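The values are calculated or read from the model by the stated rules, or taken from the named source; none is laboratory data. These figures come from a predicted structure and were not determined experimentally. Backbone-built Cβ (ideal geometry, glycine too); neighbour counts: all protein chains shown.
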Amino acid sequence: MRKYVIMGVPGSGKSTQSTMLSREYDLVQISVGDVFRWHVKNHTKIGAQVRRVMAAGQLVGDDLVERIVRDRLDQHDWNYGFIIDGFPRSRRQAEFFLESYDIDGVIYLDLPDSEVRRRVLARRLCSVCGMDYNLIEDRPKRPGFCDVCGGELVTREDDTPEALATRLHDYHEKTNPVLELFRRKEFVFVIDARRDPEAVQREIRDRLGLDGRHPVRPLEEDDSARPD
Ligand code: AMP
C-alpha cells in the first residue's frame, strides 16, 4: 500500500506526474481540483458553491474540501494506495489529513514562478475528456481540438493572469507552511520540475524507492489526465 501527496505551484505538472505514477502502480488518483471542475461542469449544488471562488483563483473553504477528500477516501477502493493532488493546501487541511491517514511520501514539484506563468497561460484543457495540452510544448495535432476525443479545447477559467496571480500568492502564503509542516516529519521529496515529464517521473520513482520494473512511458493518447 502506497499513499502519496503531490504538491507544487499551478502548472508544475502535478496531474501529469500523478497520472504516470498511478497508471504503473495501480494507485487511485485523486485531484480535488478535478472533483470541483466536475461539479461546476455538471451544475451541481457544490458546483454552484465553488464556481466563483475557483474562477477568481481563490481557495475553496476547508470544510468543503475536507468533506470531498473524506468522502472519496471512504470509498476504500484504493487497494494498492492513492496519490492525492492539490491537497492539502492550508495548515488546517494538512492537520486534518495527518490525523486521519499516514502517508508514505510527499512529492514536491519545484518550479520557479516565472516558468509557472509561461506554462499556465499556454495551458488548454479538453472540454469533454479533460486532457491537458500546452500550446508551447504539447500542442494538439489539430489546433483547438483534442487528439483523444476530438472535443473542443478551452482555457481553464482560472488560467488568466489575474487568477494566476491570486493562486500563486495563496500558494506561497498558505501552502508553503504546509510544506514546512510535512518537512518536520522528513518525508518530503523535492523534485526539480523544469525538466521534461519523463525525466521528472524517473526521479520521483527513484526518490520514492519504487522498483524499476515499470517502464516510464509518456502519457499516451488514451491516458488523458483524468483523476476520479
Ligand atoms: P487545481 O486544479 O489543483 O489547480 O485546483 C483548482 C481550484 O480548485 C483551486 O484554485 C481552488 O479554487 C480549488 N481547490 C482545489 N484543491 C483545493 C484545496 N485543497 N483547498 C482549497 N481549494 C482547492
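Check whether at least one residue in segment 158-175 is at pLDDT 90 or above, within 14 Å of the ligand (Cβ to nearest atom), assigned to a loop (DSSP other than H, G, I, E, B) and touching a Leu at 6+ places or on another chain (Cβ under 7 Å), and report yes or no. Yes, that holds for at least one residue.
For segment 97-136, a residue qualifies if it is more than 15 Å from the ligand (Cβ to nearest atom), outside any strand (DSSP E or B) and under 24 Å from Leu219 (Cβ atoms), and the qualifying residues are Asp104, Pro112, Glu115, Arg118, Ala122, Ser127, Val128, Cys129, Leu135, Ile136. For segment 1-16, name all the residues that are closer than 18 Å to Arg89 by Cα and more than 11 Å from the ligand (Cβ to nearest atom). Of everything in segment 1-16, those that are closer than 18 Å to Arg89 by Cα and more than 11 Å from the ligand (Cβ to nearest atom) turn out to be Lys3, Tyr4, Gly13.
Applying a threshold of 7 Å to beta carbon distances and a minimum spacing of six or more residues, or different chains, the list of pairs starting in segment 66-85 at a residue that is closer than 14 Å to Gly33 by Cα and ending at one that is within 12 Å of the ligand (Cβ to nearest atom) and part of a loop (DSSP other than H, G, I, E, B) reads Val69/Phe87; Asp85/Pro227. Filtered by the rule that a residue be basic (Lys, Arg) and closer than 24 Å to Ala94 by Cβ, segment 187-217 gives a lone residue, Arg207. Only residues that are surrounded by fewer than 15 Cβ atoms within 10 Å (Cβ to Cβ) and of a type in the set (D, E, K, R) were counted in segment 148-185, giving 7.
I'm checking my understanding of the structure. Among residues of segment 2-18 that are closer than 18 Å to Val69 by Cα and over 9 Å from the mean Cα position of the chain (by Cα), which one is surrounded by the most Cβ atoms within 10 Å (Cβ to Cβ)? Looking at residues that are closer than 18 Å to Val69 by Cα and over 9 Å from the mean Cα position of the chain (by Cα), I get Val5. Listed by first and then second residue, the pairs with beta-carbon distance under 6 Å, at least 6 apart or on different chains, first residue in segment 20-40 and assigned to a helix (DSSP H, G or I), second small (Gly, Ala, Ser) and within 16 Å of the ligand (Cβ to nearest atom), are Val32/Gly86; Gly33/Gly86; His39/Gly47; Val40/Gly47. In segment 64-111, the qualifying residues are those that are hydroxyl-bearing (Ser, Thr, Tyr) and over 18 Å from the mean Cα position of the chain (by Cα), and the one that is modelled with the highest pLDDT is Tyr80.
To keep it simple, each residue is scored yes or no on (1) more than 11 Å from the ligand (Cβ to nearest atom); (2) in contact with a His (Cβ under 6 Å, 6 or more places away or on another chain); (3) basic (Lys, Arg).
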{"site": "Gly61", "(1), (2), (3)": "no, no, no"}
{"site": "Arg67", "(1), (2), (3)": "yes, no, yes"}
{"site": "His76", "(1), (2), (3)": "yes, no, no"}
{"site": "Tyr80", "(1), (2), (3)": "yes, no, no"}
{"site": "Asp85", "(1), (2), (3)": "no, no, no"}
{"site": "Glu95", "(1), (2), (3)": "yes, no, no"}
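Evaluating Gly130 against the criteria (1) modelled with pLDDT under 95; (2) surrounded by fewer than 16 Cβ atoms within 10 Å (Cβ to Cβ); (3) of a type outside the set (Phe, Trp, Tyr) leaves one unmet condition, (2).
Can you tell me which residues in segment 77-95 are farther than 14 Å from Tyr4 by Cα and surrounded by fewer than 20 Cβ atoms within 10 Å (Cβ to Cβ)? I'd like the intermediate steps shown before the answer.
The initial filter retains those residues of segment 77-95 that are farther than 14 Å from Tyr4 by Cα, namely 77, 89-93, 95.
Across segment 77-95, the qualifying residues are Asp77, Ser90, Arg91, Arg92, Glu95.
In segment 186-209, of all residues being touching a Leu at 6+ places or on another chain (Cβ under 8 Å) and assigned to a loop (DSSP other than H, G, I, E, B), the one that is surrounded by the fewest Cβ atoms within 10 Å (Cβ to Cβ) corresponds to Arg194.
Picking from residues in segment 20-47 that are of a type in the set (A, V, I, L, M) and within 14 Å of the ligand (Cβ to nearest atom), the one that is surrounded by the most Cβ atoms within 10 Å (Cβ to Cβ) is Ile30. The set of residues in segment 102-114 that are within 30 Å of Gly81 (Cβ to Cβ) and surrounded by fewer than 16 Cβ atoms within 10 Å (Cβ to Cβ) comprises Asp102, Asp104, Asp110.
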